[in-house]
Amino acid sequence: MRQLLGVSNAIDQLNEKIGYFCNLLVLLSCLVSAANAMIRYAFDYSSNGWLELQWYMFAIMVMFGASYTFKRNEHVRVEIFYLFLSERGQLWLDMIGTLFFLIPACLLLAYLSWPFFMQAYSVGEMSGNAGGLLRWPIKFVIPAGFVMLALQGVSEVIKRIAALRGELTIDAKYERPTQ
């Protein structure tokens, strides 16, 4: 179990770094958006490349931010069952849901999106807009994001198993968001 927890820790550290990068992208995206708007109105100049860059940053934040959010236990849950279970029951529900739904769905979506990326890569796909960016790098984000989410799912399953065996204490409490 110690080796599996080491794998889990490595996945967690990777997703922590990815999350940090995604947090920086939020700030960078805001700066690019503000600068693009100021330049457009002040100098009557606009570039499709900067607009697409904002879209690319948002796509990266969403696709890679999902695994970071899952790692931090801040993802959306179906509370109708979860809140009525004991802590042990919650661990079991997390583990079963991750094993039978999240990981298979992520791997299927990564598999299905891989040809979408490969086709764009093989032709060196570019944006159809004047001044646009290469398209294949952002299309790679789709399968890569799903793989990272599946890997984080593996990490969470390992931690749940260790917690159920009494070898690890995890804070898996879910706090309902205030609205």
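Computed from the coordinates by the stated procedures, all read-outs in this text should not be read as laboratory data. Here the structure is a predicted model, which is why all the values come from computation and not from measurement. When we count neighbours, we look across all protein chains shown, and the Cβ atoms used for this are built from the backbone with ideal geometry, even at glycine.
Identify all aspartates and glutamates with a Cα-Cα distance to Lys159 below 18 Å; exclude those on the same chain that are fewer than 8 residues away in sequence.
Asp12, Glu16, Glu74, Glu87, Asp94, Glu167, Asp171
Per Stokes-Einstein, at 37 °C and 0.692 mPa s, what whole-number D in µm² s⁻¹ belongs to region 105-174, with the Kirkwood radius over Cα pairs as the hydrodynamic radius?
227 µm²/s
What is the sum of charges, Lys and Arg at +1 and Asp and Glu at -1, for the other residues whose Cβ falls under 15 Å from the Cβ of Ser67?
0
Name the longest site-free stretch of the chain, where the excluded sites are chymotrypsin sites (Phe, Trp or Tyr not before Pro) in a DSSP loop with no more than 13 other beta-carbon atoms within 10 Å.
By the stated rule (loop sites, at most 13 other Cβ atoms within 10 Å), 85-179.
With +1 on each Lys and Arg Cβ and -1 on each Asp and Glu Cβ, how big is the dipole of the chain about its Cα centre, in debye rounded to the nearest 20?
240 debye
Using the Karplus equation 6.51 cos²θ - 1.76 cosθ + 1.60 (θ = phi - 60°), what ³J(HN,Hα) coupling, rounded to whole Hz, does each residue of region 14-19 give in order, writing x for Gly and Pro?
For region 14-19, the Karplus curve yields 4, 5, 5, 5, 5, x Hz.
Return the sequence-ordered ³J(HN,Hα) values of region 151-163 in whole Hz as given by the Karplus equation 6.51 cos²θ - 1.76 cosθ + 1.60 applied to θ = phi - 60°, using x for Gly and Pro.
Per residue, the Karplus-derived 3J(HN,Hα) values read 4, 5, x, 4, 4, 5, 5, 4, 5, 5, 4, 4, 5 Hz.
How large, in Å, is the chain by the Kirkwood hydrodynamic radius built from its alpha-carbon pairs?
18.5 Å
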